[in-house]
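Take a look at the structure set out below.
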Amino acid sequence: MATLANIIIQVMQIYWFLCIIYIFMSWLPNARESQFGQTIGKIVEPFFAPFRQIIPPIGMIDISPIVALIALRFAMDGVRYLFSMFM
């Protein structure tokens with residue numbers, strides 16, 4: 001069980017880092033239009049989309065990715081807690 005929990009948490013951490021990279025790419029001109037940026041966008045945008053529908057941008061600032069990252073961290077903590085119950 002511990003191995004399964006570690007694998008799930010590692011995958012979630014890698015996804016969290018991909019989200020961070022994608023957010024920082026918005027600060028660089030044309031970074032999201034590169035092949036690397038489009039690949040990460042295909043992976044990350046489906047996760048961000050529901051949060052963007054719920055949380056509107058504040059002026060020019062989109063805070064929905066921040067809320068999505070917080071939700072992902074809560075999910076990671078939930079997985080840790082659930083697997084700690086079975087050990």
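The values are calculated or read from the model by the stated rules, or taken from the named source; none is laboratory data. Treat the numbers as computed from the prediction; the structure is a model and nothing was measured. Neighbour counts are summed over all protein chains in view; Cβ atoms, including those assigned to glycine, are modelled from backbone coordinates with ideal geometry. Note: accessible area is taken over every heavy atom of the protein model, side chains too, but ligands, DNA and RNA are not part of it. Shrake-Rupley method; radii C 1.70, N 1.55, O 1.52, S 1.80 Å.
The C-alpha atoms of region 1-46 occupy a region whose extents along the principal axes are 44, 16, 15 Å, arranged from largest to smallest. Ordering THR3, THR39 by accessible surface, largest first, gives THR3, THR39; the 1.4 Å probe counts only protein heavy atoms, with every chain in place.
For the chain, adding -39500 (n - 2.57) for each run of n ≥ 4 DSSP H residues and dividing by the number of residues yields -26500 deg cm²/dmol at 222 nm.
Are there chymotrypsin sites (Phe, Trp or Tyr not before Pro) in the chain that DSSP marks as loop and that have at most 11 other Cβ atoms within 10 Å, and which are they? Display every interim value, and only then the final one.
Values: sites: TYR15, TRP16, PHE17, TYR22, PHE24, TRP27, PHE36, PHE47, PHE48, PHE51, PHE74, TYR81, PHE83, PHE86; in loops: TRP27, PHE86.
Passing both the DSSP loop test and the Cβ count: TRP27, PHE86.
For the chain, the carbon plus sulfur part of the accessible surface works out to 74%, probe radius 1.4 Å. Only protein heavy atoms count here; on that basis, with a 1.4 Å probe, ILE7 has an accessible area of about 100 Å².
Summed over the residues of the chain and divided among them, the accessible surface reaches 70 Å² per residue at a probe radius of 1.4 Å.
In sequence order, region 53-66 has phi-based couplings of 6, 8, 10, x, x, 9, x, 9, 9, 9, 8, 4, x, 5 Hz under the Karplus curve 6.51 cos²θ - 1.76 cosθ + 1.60, θ = phi - 60°, and Gly or Pro positions carry x.
Across the chain, Cα-Cα distances exceeding 15 Å account for 64% of all pairs.
Look at the alpha carbon pairs under 8 Å that are at least 6 residues apart: their mean separation over the length of the chain gives a relative contact order of 39 percent.
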